[in-house]
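Notes follow the structure.
The values are calculated or read from the model by the stated rules, or taken from the named source; none is laboratory data. A quick note: this is a predicted structure, and the numbers were derived from the prediction, not measured. Because the Cβ atoms are built from the backbone with ideal geometry, glycine has one as well, and the counts that use them run over all protein chains shown.
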Amino acid sequence: MSLKEFLDQKGWQKGSQERNVEKFYATAITGFHDYHGGYLNFGHWTREGMTYEEAAESLVNLLGQKLGLNAHSRLLDVGSGMGSQDVYLSQHFTPEKIDALDVTWKHVEIARERAKREGVNPAKLEFHHGTAVQTPFPEASFTHLLSIEAPEHFNTRDDFFTEAYRVLKPGGVMVLADYTLPQNPKGLFKKFFLNFARSVWHVPPANVYGNDVYETKLKAKGFKNITIENIGQWTIPGYYFEHRKWEQVKKMRKLRGFWKGVVGGFLIDFGVYYAYKLKLCEYIIARAEK
């Protein structure tokens, strides 16, 4: 590890949300460096016969379009995973600069290696280890802000909205791929299932609410021109059924073993899919302007 890497790495306080989320993803990522091209999102399944990587890149492309990225954009990607989405955005939308932030140090290490391997100019794409609710950037640093399937983890999402508004320039655009609660659970089973899934997925209780509350919170921070789209039908089922294919099961067993890869992977995937079917989870794209 170089001196710069040593100084970049954060030491999260024991028991903090950041440490818990980092541990969750650092454990889950073992063997996944190049599996599925390094993508971690649910994908945007728009046609029959798509591969996972095609669906994952379809989602990233869709979000890049909704952001309106161009050659003059300065983008902050919060919760950047292993960097595949940022390499894609850098190569296909050619923004002036992307700063990518992730709470998991292993993600940052892998992302830096990936960008170097792909030949991305380091002046155009930089990866940082940090927390979404207290970023290391000055006010009004970015024209655009992106977060893909990460805001549910932030402690809290409301604090992240505050930070996002701070670092965006006036007129800046934020696009989030996130999860909301379509219906309040009725009955003991649904309440138990929701709380169990929330706990396992490291989602703070304060982040569990529907689209109306989501929009209200954005407005309270000063955001305007807010739109929230439900796109669960194009994301969660496609991801679930792709990973139930026998060839994917075999790959998971080879990468991570039977119990962690096959059994553990199935339980997590089924939990999200079943929550979606029970109307306890919806996948959204939220767009807002400062």
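Points worth noting:
- Test: Phe127 is aromatic (Phe, Trp, Tyr) and surrounded by fewer than 24 Cβ atoms within 10 Å (Cβ to Cβ): no
- Glu247 satisfies every condition listed in (1) among the acidic types (Asp, Glu); (2) closer than 27 Å to Phe24 by Cβ; (3) touching a residue at least 24 places away in the same chain (Cβ under 8 Å) except (3).
- Counting the residues of segment 265-290 that are more than 17 Å from Trp234 (Cα to Cα) and β-branched (Val, Ile, Thr) gives 1.
- Of the candidates Pro122, Pro95, Pro136, the single residue that is within 19 Å of Arg287 (Cβ to Cβ) and in a loop (DSSP other than H, G, I, E, B) is Pro95.
- Residues that are assigned to a helix (DSSP H, G or I) and of a type in the set (Val, Ile, Thr) within segment 104-115 comprise Val108, Ile110, listed in sequence order.
- Scope segment 139-151; condition of a type outside the set (A, V, I, L, M, F, W, C) and either in a strand (DSSP E or B) or more than 16 Å from Glu96 (Cα to Cα) (or both); matching residues: Glu139, Thr143, His144, Ser147, Glu149, Pro151
- Any hit, segment 236-245, residues being touching a strand residue (DSSP E or B) at 6+ places or on another chain (Cβ under 9 Å), under 30 Å from Ala288 (Cα atoms) and either assigned to a helix (DSSP H, G or I) or modelled with pLDDT under 95 (or both): yes
- Residues satisfying the stated conditions in segment 166-212, i.e. in a helix (DSSP H, G or I) and without any contact (Cβ under 8 Å) to a residue 12 or more places away in the chain: Leu188, Phe189, Lys191, Phe192, Asn195, Phe196, Arg198, Ser199, Pro205, Asp212
- Exclusive hit being touching a helix residue (DSSP H, G or I) at 6+ places or on another chain (Cβ under 6 Å), modelled with pLDDT of 95 or more and more than 22 Å from Tyr35 (Cβ to Cβ), set Thr131, Thr94: Thr131
- Single residue of segment 246-276 satisfying the filter (among the charged types (D, E, K, R), surrounded by fewer than 14 Cβ atoms within 10 Å (Cβ to Cβ) and at pLDDT 80 or above) that is nearest to Ala56 (Cα to Cα): Glu247
- Here Leu101, Leu89, Leu75 are screened, and the one residue that is buried (at least 24 other Cβ atoms within 10 Å of the Cβ), assigned to a strand (DSSP E or B) and not β-branched (Val, Ile, Thr) is Leu75.
- Single unsatisfied condition, Asn155 versus (1) within 14 Å of Arg74 (Cα to Cα); (2) assigned to a loop (DSSP other than H, G, I, E, B); (3) not small (Gly, Ala, Ser): (1)
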